[in-house]
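**Student:** My questions will all concern the structure given below.
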Amino acid sequence: MGQILQSNHISSNSQASSDADDEIEMLKYQKQVNNAFSINEIQRLYTQWYKWYPTGKAQKNNFCEFLKSEPGISSPEIIVDDLFRAMDTNKDGFVNFEEYLIFMSITRPTAKESDPEQLIRFFFQIYDKDNIGKVTKENIMECTAHAFKARGNDVNDPNIKQIIEENATKLMEMADSNNDNLLTVDEILQAYQKNHSVLRYL
C-alpha cells in the first residue's frame, strides 16, 4: 500500500510540475503579445496550431491549413506568399507558434488601437515582396488585390479596382515624405504620428 501511495504521490507531483511548466510557457507567450490574449485563449490557439502542424512549424507548402480557418478567406492559396513573408519574422523559412500568435494578436479587432506600430510593420512586410525595405504603389496595389481576391472578390470589378487604386494613392500621398515614389516603414510610422487615419489605407 505504501508503495502504491508513494507511486501515486510521485505521479501527482509529476503532473503538477508539468502543469506548472505549461502555465509558465503560456505566461511567456502572453507577455510576448502584451496580454492581448487570456491564458485560456493562448492554450486554445496553441492546441489548434499543433493540430495543424505537429512539428510546431509551418512551411509555405502547407501554410494553407492555417489560412483555411481564417474567416472570409475562400481562396487561401492566393495570399500564401504575402502572409507567409510577413509572418516569418525571423526569415528561417518557417512560421512557428510564436509568430502565429503575434499575427493573431495584431489582427484582432482592437489591434489598430492597441498596437498600431506592429500592425504597420506587419503590412509593410506584406508589401515588401523583394525584402529591400522600400515599397512602390504597385507593390501595395498588388498585395491589396491579392487580399480582395482571396476573399472571393472580383478584382476586375471597376468599384474594387477603384478602391485598390485610391487606397494606395492616398497612402503614398500621406507617407511619401521625400517624394521619391517609394515608401519605407519609417515613413509610414512617421505619417501615422501626424495622422492616425493612415491605418485606414493599409
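The values are calculated or read from the model by the stated rules, or taken from the named source; none is laboratory data. None of the values given here were measured: they were computed from a predicted structure. Here the Cβ is made from the backbone with ideal geometry for all residues, glycine too, and neighbour counts use every protein chain on show.
**Student:** Are there any pairs, at least 6 apart or on different chains, whose C-beta atoms fall under 9 Å, with the first in the stretch 155-166 and in contact (Cβ under 8 Å) with a residue 24 or more places away in the chain and in the same structural domain as Thr136 (by TED's automatic domain parsing) and the second surrounded by 11 or more Cβ atoms within 10 Å (Cβ to Cβ) and not basic (Lys, Arg), and if so, which?
**Tutor:** Close Cβ pairs satisfying both conditions: Glu165/Met141.
**Student:** Next question, about the same structure. Pairs needed: first member in the stretch 171-189, closer than 15 Å to Ile126 by Cβ; second member anywhere, at pLDDT 95 or above and outside any helix (DSSP H, G or I); C-beta distance under 7 Å; at least 6 residues apart or different chains.
**Tutor:** Once the first residue is closer than 15 Å to Ile126 by Cβ and sits in the stretch 171-189, its partners that are at pLDDT 95 or above and outside any helix (DSSP H, G or I) give Leu183/Lys134; Leu183/Val135; Leu183/Asp176; Thr184/Gly133; Thr184/Lys134.
**Student:** Scan the stretch 40-64 for residues that are assigned to a helix (DSSP H, G or I) and surrounded by 13 or more Cβ atoms within 10 Å (Cβ to Cβ) and report the count.
**Tutor:** Quick first cut of the stretch 40-64, residues assigned to a helix (DSSP H, G or I) only: 40-52, 60-62, 64.
Of the ones still in play, those that are also surrounded by 13 or more Cβ atoms within 10 Å (Cβ to Cβ) are 41-43, 45-46, 48-49, 52, 60, 64.
Number of matching residues: 10.
**Student:** Please specify each residue of the stretch 97-140 satisfying the condition of being at pLDDT below 90, touching a Phe, Trp or Tyr at 6+ places or on another chain (Cβ under 9 Å) and polar (S, T, N, Q).
**Tutor:** Of everything in the stretch 97-140, those that are at pLDDT below 90, touching a Phe, Trp or Tyr at 6+ places or on another chain (Cβ under 9 Å) and polar (S, T, N, Q) turn out to be Ser105, Thr107.
**Student:** Return the pairs, sorted by first residue and then second, in which the second residue is in a helix (DSSP H, G or I), the first residue lies in the stretch 127-154 and is of a type in the set (Gly, Ala, Ser), the beta carbons are less than 8 Å apart, and the residues are 6+ apart or on different chains.
**Tutor:** Note: pairs meeting the criteria are Gly133/Val185; Ala145/Ile164; Ala147/Asp82; Ala150/Pro76; Ala150/Ile78.
**Student:** Identify all residues within the stretch 65-99 that are part of a helix (DSSP H, G or I) and over 14 Å from the mean Cα position of the chain (by Cα); write none if there are none. First the steps, then the outcome.
**Tutor:** Step one: filter the stretch 65-99 for residues part of a helix (DSSP H, G or I), giving 65-67, 76-78, 80-87, 97-99.
Result: Glu65, Pro76, Glu77, Ile78.
**Student:** Something else about it: Of the residues in the stretch 18-31, how many are surrounded by 14 or more Cβ atoms within 10 Å (Cβ to Cβ) and not aliphatic (A, V, I, L, M)?
**Tutor:** If we filter the stretch 18-31 for residues that are surrounded by 14 or more Cβ atoms within 10 Å (Cβ to Cβ), which is where we start, we get 26, 29-30.
Filter once more, so that each one left must be not aliphatic (A, V, I, L, M): 29-30.
So the count comes out to 2.
**Student:** Given the conditions (1) among the β-branched types (Val, Ile, Thr); (2) outside the structural domain of Ala36 (by TED's automatic domain parsing); (3) without any contact (Cβ under 8 Å) to a residue 24 or more places away in the chain, and given that Ile120 satisfies all but one, which numbered condition is not satisfied?
**Tutor:** Evaluating Ile120 over (1) among the β-branched types (Val, Ile, Thr); (2) outside the structural domain of Ala36 (by TED's automatic domain parsing); (3) without any contact (Cβ under 8 Å) to a residue 24 or more places away in the chain leaves (3) as the failure.
**Student:** Among residues belonging to the stretch 116-132 that are closer than 18 Å to Lys194 by Cβ and not hydrophobic (A, V, I, L, M, F, W, C), point out the one that is surrounded by the fewest Cβ atoms within 10 Å (Cβ to Cβ).
**Tutor:** The qualifying residue surrounded by the fewest Cβ atoms within 10 Å (Cβ to Cβ) is Glu117.
**Student:** Continuing with this model, one more query. Does Ile102 satisfy being in the same structural domain as Phe63 (by TED's automatic domain parsing) and either over 26 Å from Gln32 (Cβ atoms) or in a helix (DSSP H, G or I) (or both)? Spell out the reasoning first.
**Tutor:** Working: in the same structural domain as Phe63 (by TED's automatic domain parsing): yes; either over 26 Å from Gln32 (Cβ atoms) or in a helix (DSSP H, G or I) (or both): yes.
Judged against the criteria, Ile102 is a match.
**Student:** Which pairs turn up if I take residues in the stretch 64-90 that are of a type in the set (S, T, N, Q) and look for partners that are in a helix (DSSP H, G or I) with beta carbon separation below 6 Å, at least 6 apart in sequence or on another chain?
**Tutor:** Ser75/Ala150; Thr89/Glu99
**Student:** Another question about this same structure. Could you list, in sequence order, the residues of the stretch 155-202 that are surrounded by fewer than 16 Cβ atoms within 10 Å (Cβ to Cβ) and of a type in the set (S, T, N, Q)?
**Tutor:** Asn156, Asn159, Gln162, Thr169, Ser177, Asn178, Asn179, Asn181, Gln190, Gln193, Asn195, Ser197 - these are the residues of the stretch 155-202 that are surrounded by fewer than 16 Cβ atoms within 10 Å (Cβ to Cβ) and of a type in the set (S, T, N, Q).
**Student:** Here's something else I'd like to know. Restricting attention to the stretch 10-38, report how many residues are closer than 24 Å to Ser105 by Cα, modelled with pLDDT under 75 and among the β-branched types (Val, Ile, Thr).
**Tutor:** 0
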